[in-house]
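The values are calculated or read from the model by the stated rules, or taken from the named source; none is laboratory data. All figures in this text were calculated on a predicted structure; none of them were measured in a lab. Cβ sites come from the backbone with ideal geometry, for glycine too, and all protein chains shown count toward neighbours. Heads up: the accessible areas ignore ligands, DNA and RNA and are worked out on the full protein's heavy atoms, side chains in. Shrake-Rupley method; radii C 1.70, N 1.55, O 1.52, S 1.80 Å.
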Amino acid sequence: MAMSSRGLALAAFVFLCSVASMSSSMAATDSFLQCLSASIPSQLLYTQSSPSYTSVLDAGIRNPKFLTNTTRPVWIITPTNASHVQAAVLCGRRNGVRLRIRSGGHDYEGLSYRSERPETFAVLDLVNIRAVRVDAASATAWVDSGATLGEMYYAIGKAGGRIAFPAGLCPTVGVGGHFSGGGFGMLLRKYGLAADNVVDAVLVDAKGRLLDKNSMGSDVFWALRGGAGESFGIVLSWKVKLVAVPPTVTVFNVPVTVSQGAIDVVTRWQAVAPSLPDDLFIRVLVQGQRASFQSLYLGTCDALLPVMRSRFPELGMNRSDCREMTWIQSVPYIYLGSSATVEDILNRTIAMDTSNKATSDYVRQAIGRDTWSAIFGWLARPNAGLMILDPYGGQIGSVAEAATPFPHRGGVLYNIQYMNFWSAASGAGDAQRAWIRDFYAFMAPFVSKDPREAYANYRDLDLGENVVGAGGVSSYDAGKVWGEKYFRGNYQRLAMAKAQIDADDYFRNEQSIPPLVAGK
């Protein structure tokens, strides 16, 4: 059938609008490049047509499912100093190109290097800003955002055998994103979060200014330490307070199968783990029909054994389970395995053979034995994933909920991370994602409520996404859907801090903090 003249006119109009939009976008990116080139060496800039573009982008992707079928950046910028970062912000603002900031690339939803929706953006990859400067005498360190946890731990270990830092287990995680969401690991009961031990920071804001703790203001400095720091600007470096550890620590990993009584032992663990001495941390990895109890104790095996016998005899831990070592040796041992060396934590690459999906929960009342029996049934299903249980109590629970944006403090027994994996050969992971979705729904009656809490560093877009309003900024009310799960009552203060430092919402992604002007 021939198209009517009105239809032809409409089609022509749509085509011309499309061409105009593409031309405008191309002009913006051309102007962006010209602007960048005036301040940043060309070898630090990559366009989509650059021979190294794909390898540079993919080098920081930790989840293979984001290698394809996703909106990619028009540019990748790999700055080597603060002036390059400032130039990128100013050029981006001037030419309508947003920046996404990548430190390690472990963002569970890949939002540091991709967009869920069509958007003209550049990735600012901090891989070249990764120095770690340790001052053992003052027990402090300046750590650049592009450093990995492994690089930070290695430098601290080299500086002395009795200092450490309380952050996560995975050595390839980038410092910038980890600190920005809180950051916890095996020292959380003794020393709290990574963010709890940040004492200063260097920030490039949306105006391109270089700010420290004093010049950014107390509300913004508060917000950076656990409140989704990429929402407020680009943190280049963090000053942290190092913590004391003894010359000998003890680790153990005791597996218990369902046939050996795992259901009873996990049920008991809920009451024991959050109330143990702060020097003792016992987490549980639950997969299939086995629960593995993984521990770090700040002391010797001789000192640990009486505590375990009196407080947690159900586990049956004994001397043969002990492995004594230094704290820095425990870092690769716990995460990479007994054959790993300290030098292995400097490796920034990871195997890219499985994609994954994750989400999280917080437990404030112990889950009953019958429910644990049902949980192990879920873990026995086809295409099942795993659970990781991290106990709270101790220092992490003694900090006031409003002291930092991270609110999951007093009254929390433990955190749950749900994760599932699939290989490219098994398809798009539909069955594995369905297992997580259905298991998460099953767990609803047994976890925190009003809101059902979640950990910001286990980012999950299924909890909700930003809605950009007519004013070109993210909606505060729409953001509550996910924001109050991550931050509880601290969400409002975060939004007000965002309005102070970035009222125009330049630093934005699908789960960035929306700006809220005071009094509105």
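Per-structure values
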item: Count - residues of the stretch 314-342 that are in a helix (DSSP H, G or I) and free of Cβ contacts under 8 Å to residues at least 60 places away in the same chain; result: 4
item: Neighbours by Cβ (under 9 Å, 6+ apart or cross-chain): first from the stretch 37-58, touching a residue at least 24 places away in the same chain (Cβ under 8 Å) and open to solvent by 50 Å² or more (accessible area, probe 1.4 Å); second of a type outside the set (A, V, I, L, M, F, W, C) and not in a helix (DSSP H, G or I); result: 48/72; 48/73
item: Search result, residues across the stretch 244-267 that are in contact with a Lys or Arg (Cβ under 8 Å, 6 or more places away or on another chain), part of a strand (DSSP E or B) and either surrounded by fewer than 20 Cβ atoms within 10 Å (Cβ to Cβ) or among the acidic types (Asp, Glu) (or both); result: 244, 255, 257
item: Enumeration of residues in the stretch 315-347 that are of a type in the set (Ser, Thr, Tyr) and open to solvent by less than 40 Å² (accessible area, probe 1.4 Å); result: 330
item: Contacts under 7 angstrom Cβ, first residue in the stretch 151-164 being within 20 Å of residue 129 (Cβ to Cβ), partner in a helix (DSSP H, G or I) and open to solvent by less than 40 Å² (accessible area, probe 1.4 Å), 6 or more apart; result: 152/175; 153/328; 153/331; 153/345; 154/342; 154/345
item: Of the criteria (1) part of a helix (DSSP H, G or I); (2) open to solvent by 60 Å² or more (accessible area, probe 1.4 Å); (3) farther than 22 Å from residue 107 by Cα, which one residue 433 fails; result: (3)
item: So residue 11, is it over 32 Å from the mean Cα position of the chain (by Cα), assigned to a loop (DSSP other than H, G, I, E, B) and modelled with pLDDT under 95; result: no
item: Which numbered condition residue 111 fails, given (1) of a type in the set (A, V, I, L, M, F, W, C); (2) out of contact with any Phe, Trp or Tyr (no Cβ under 9 Å at 6 or more places or on another chain); (3) part of a helix (DSSP H, G or I); result: (3)
item: Residue among 131, 159, 167 that alone is buried (at least 24 other Cβ atoms within 10 Å of the Cβ) and either of a type in the set (A, V, I, L, M, F, W, C) or more than 20 Å from residue 241 (Cβ to Cβ) (or both); result: 167
item: Test: residue in the stretch 167-177 that is outside any helix (DSSP H, G or I), farther than 30 Å from residue 465 by Cβ and free of Cβ contacts under 8 Å to residues at least 12 places away in the same chain; result: no
item: Some residue of the stretch 177-197 being of a type in the set (Phe, Trp, Tyr) and open to solvent by 40 Å² or more (accessible area, probe 1.4 Å); result: yes
item: Among (1) farther than 27 Å from residue 363 by Cβ; (2) among the small types (Gly, Ala, Ser); (3) at pLDDT 95 or above - the single one residue 330 does not satisfy; result: (1)
item: Inter-residue pairs, beta-carbon under 6 Å, first more than 16 Å from residue 400 (Cα to Cα) and in the stretch 184-211, second assigned to a strand (DSSP E or B) and charged (D, E, K, R), 6+ apart; result: 199/239; 199/241; 200/239
item: Test result for residue 103, within 17 Å of the chain's Cα centre (by Cα), open to solvent by less than 50 Å² (accessible area, probe 1.4 Å) and either assigned by the TED database to the domain that holds residue 357 or closer than 24 Å to residue 157 by Cα (or both); result: yes
item: Residue match in the stretch 348-366 (condition: assigned to a strand (DSSP E or B) and either surrounded by fewer than 16 Cβ atoms within 10 Å (Cβ to Cβ) or of a type in the set (Asp, Glu) (or both)); result: yes
item: Single residue of the stretch 464-508 satisfying the filter (on the phi > 0 side of the Ramachandran plot and of a type in the set (Gly, Ala, Ser)) that is nearest to the chain's Cα centre (by Cα); result: 464
item: Hits in the stretch 268-285 - residues which are assigned to a strand (DSSP E or B) and surrounded by 20 or more Cβ atoms within 10 Å (Cβ to Cβ); result: 280, 281, 282, 283, 284
item: Cβ-Cβ under 8 Å pairs, at least 6 apart or on other chains, the stretch 281-298 side within 24 Å of residue 421 (Cα to Cα), far side outside any strand (DSSP E or B) and among the hydroxyl-bearing types (Ser, Thr, Tyr); result: 289/259
item: Residue list for the stretch 462-517, restricted to those being over 23 Å from residue 118 (Cα atoms), outside any helix (DSSP H, G or I) and either in contact with a strand residue (DSSP E or B) (Cβ under 9 Å, 6 or more places away or on another chain) or open to solvent by 70 Å² or more (accessible area, probe 1.4 Å) (or both); result: 517
item: Members of the stretch 452-461 found to be surrounded by fewer than 22 Cβ atoms within 10 Å (Cβ to Cβ) and touching a Gly at 6+ places or on another chain (Cβ under 9 Å), listed by number; result: 458
item: The listed residue being modelled with pLDDT of 95 or more and part of a loop (DSSP other than H, G, I, E, B), out of 94, 130, 100, 117; result: 130
item: Breaking point among (1) of a type outside the set (S, T, N, Q); (2) assigned by the TED database to the domain that holds residue 211; (3) open to solvent by 10 Å² or more (accessible area, probe 1.4 Å), for residue 74; result: (2)
